[in-house]
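The values are calculated or read from the model by the stated rules, or taken from the named source; none is laboratory data. Because the structure is a prediction, the values reported are computed rather than measured. Positions of Cβ are backbone-derived with ideal geometry, glycine not excepted, and every protein chain shown enters the neighbour counts. Side chains included, ligands, DNA and RNA excluded: accessible areas come from the protein's heavy atoms. Shrake-Rupley method; radii C 1.70, N 1.55, O 1.52, S 1.80 Å.
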Amino acid sequence: MTQIDLFKRECNNDKYFKFVNLISKKLNVNNFFHTTKHIIKKMFQINLQKEYRAYRFSLLSYFVYHNELYTQTYVDKLEHLIKTLCLDNELNTNEQEYIIHFKNTVFAQIRNLKNLIVDFECLPKEEVYYKYRNIDIYVIKDQQKQVVTKNNELFITTKRLLIDKANNLFEINLKDITSIFPTNDYLQIKTIDKEFYIQTPDPYILYVSLERIFKLNKINV
């Protein structure tokens, strides 16, 4: 998920490299996670504000590159480090969205599963655990996308992935799925005889939700 321009502030002048040479003896990739906000503030110099910010972002970028995982531990450590390095008011929109994305994805992995109340008829021993809004589904035929449904609610049950609109049911049996693959724009689902693209605001959340149901049902995909 890491994007190359996230958590970086370019500063390549001679002043910066001289500054890094000096400060790295006190603050570097081997000790930055054990420093404190107080120490970070003590190192601040008004005439080197740009250079110091760029260096702190370089430490943050190093941490993200080497530790990125969809876990609560990673999210907690990332937020702790951002605050410690006094960068919580320096993040751009993409960086804030990155953190929100990881929080939401981790929540989908660990939240308590609750059987949702729905209007459609469930199969015997079927439970509905996830509901996602603003979903578009396309089927791939002759290498072209054909619309199946747009802007609807998608439900993930213990047996199916389905949309129920005006009693016109679209469903994919989980046991028919042979592979799932998330991209930044859609979730690709392949079944025994078809291929689908599911567009959603965050395909990774849908991906981990499906993975969780597969593990629950001991389905290998």
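A few notes on this one:
- Chain lengthening between Lys8 and Asn31 when straightened (0.36 nm per residue, less Cα-Cα): 6.4 nm
- Dipole magnitude for the range 130-216: about 220 debye, using +1 per Lys or Arg Cβ and -1 per Asp or Glu Cβ, origin at the Cα centre.
- If the chain linking Asp76 and Glu211 were pulled fully straight, counting 0.36 nm for each residue of separation and taking away their Cα-Cα distance, it would gain 46.3 nm.
- Cα lying deepest toward the dipole's positive end in the range 53-210, options Asn152, Asn134, Phe107, charges on Cβ: Phe107
- What the phi angles of the range 80-90 give under the Karplus curve with 6.51, -1.76 and 1.60, with θ = phi - 60°, is a coupling list of 4, 5, 4, 5, 4, 7, 6, 10, 5, 9, 10 Hz, glycine and proline written as x.
- The range 169-221-the range 59-102 distance, computed between alpha-carbon centres (Å): 28
- The share of accessible area on the range 62-217 that comes from carbon and sulfur is 45 percent, using a 1.4 angstrom probe.
- Charge dipole magnitude, Cβ of K and R +1, D and E -1 - the chain, Cα centre, debye nearest 20: 980
- Å² of accessible area per residue within the range 82-221, as computed with a 1.4 Å probe and no ligands counted: 59
- Only protein heavy atoms count here; under a 1.4 Å probe, Leu116 has an accessible surface of about 60 Å².
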